[in-house]
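Asks: Have a look at the structure that comes next, please.
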Amino acid sequence: MKQPIRVGILGLGRIGKMHAANILTMKEFEVVCGADPFLTEETEREMQELGIPKCTKDPEDVFADPTIDAVIICSITETHSDFIIRAAKAGKDIFCEKPIDHDVGRILDALRAVKQADVILQVGFMHRFDRHHSALQHKIADGTIGDIEVLKITSRDPAPPSMDYIRSSGGIYVDFMIHDFDMARFLTGSEVTEVFATGTSVCDPEIAACGDVGSGHAVLRFANGAIGILETSRRSSFGHDQRIEALGSKGCVMNDNEYENNVRFFTQDGFHGAKVPYHFPERYKDAYFVELRDFAQAVREHTAPPVTGFDGLQAVLIAEAAARSAKSGKLEAVETIEV
């Protein structure tokens, strides 16, 4: 039996706690330490109850531990590239939540450090690992619908996050729609060359006061000639709305929301059905496990992970072009950068 991969978790906020709880149930991993500069007694107690033997406020305790094979970066975005570089220099493989950074220059520094150290870097775009999205991608890739012509992605959250989060998020295109930009590349197998984007804050005017939009829309042009139509919103009163449709030269493939159950019934009051999952932790619960299992395989075999640092860079470059377009009101080219 293979020995588990010993990991340190950097960042013990909402996503860090979720990853920690998941990893502790997986035979592929052993959690050695959790680190968070904002560690509280309550969080430390919670982590110890889960089964993490050690928690610290100093990330260096993770980087300096020679028994730790890999790090799981779940900290705030501003720390991601620095933690990637420090982990690479320490010879540790890396799983990093999206985005790698808000600054392209820092992303490039991180990717160069990963390349120089010859370590694994996987970026946490969990949408790719959803069984419905994956099945849809296979139907496109195997030619079932012919050459893809139009891709439509709808992605909506149930409610806006706090305004403090909005102010530091980097904006809806970098923070939220970045998942859809990554999915667009994944599904079409083609790079995005140009973006036109616009948005509105009708769902919450306070978001506009923070310099962001509550609903973002983007039209993508792909190198293969296809068009992408992406729509997202920070408010969807009925839950986490996730739908995709791809039109090809020979047919169409689509997936609907996942529901709590598939029971539908009719009464004199009308048609009734189950609700969609409330938010992303419920909707993508299984996908989080799949992406980590794939990361474990990449680490053990020292092969390219399914979502690379280059993928992380491209998603940010598309997001930046979308943000520029939303301000300029014009079609904006996606920057091309050699790593």
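Asks: Inspect all residues belonging to segment 39-52 and state whether any of them is within 23 Å of Lys2 (Cα to Cα) and not assigned by TED's automatic domain parsing to the domain that holds Tyr165.
Replies: yes
Asks: Give all pairs with beta carbons closer than 7 Å in which a residue from segment 43-67 that is within 14 Å of Gly91 (Cα to Cα) meets a residue that is part of a loop (DSSP other than H, G, I, E, B); count only pairs at least 6 apart in sequence or on separate chains.
Replies: That search, which allows pairs on different chains as well, returns Val62/Ile68; Phe63/Ala90.
Asks: Also, I was wondering about something else. What number of residues within segment 127-171 are of a type in the set (A, V, I, L, M), surrounded by 15 or more Cβ atoms within 10 Å (Cβ to Cβ) and under 21 Å from Glu191 (Cα atoms)?
Replies: Qualifying residue count for the region: 6.
Asks: Would you point out the residue of segment 223-251, among those that are under 25 Å from Thr200 (Cα atoms) and of a type in the set (Ser, Thr, Tyr), that is farthest from the chain's Cα centre (by Cα)?
Replies: By that ranking, first place goes to Ser237.
Asks: Name, by its number, the condition in (1) touching a strand residue (DSSP E or B) at 6+ places or on another chain (Cβ under 8 Å); (2) within 19 Å of Asn257 (Cα to Cα) that does not hold for Ser237.
Replies: (1)
The values are calculated or read from the model by the stated rules, or taken from the named source; none is laboratory data. These figures come from a predicted structure and were not determined experimentally. Reconstructed Cβ throughout: ideal geometry from the backbone, glycine too, with neighbour counts over all protein chains shown.
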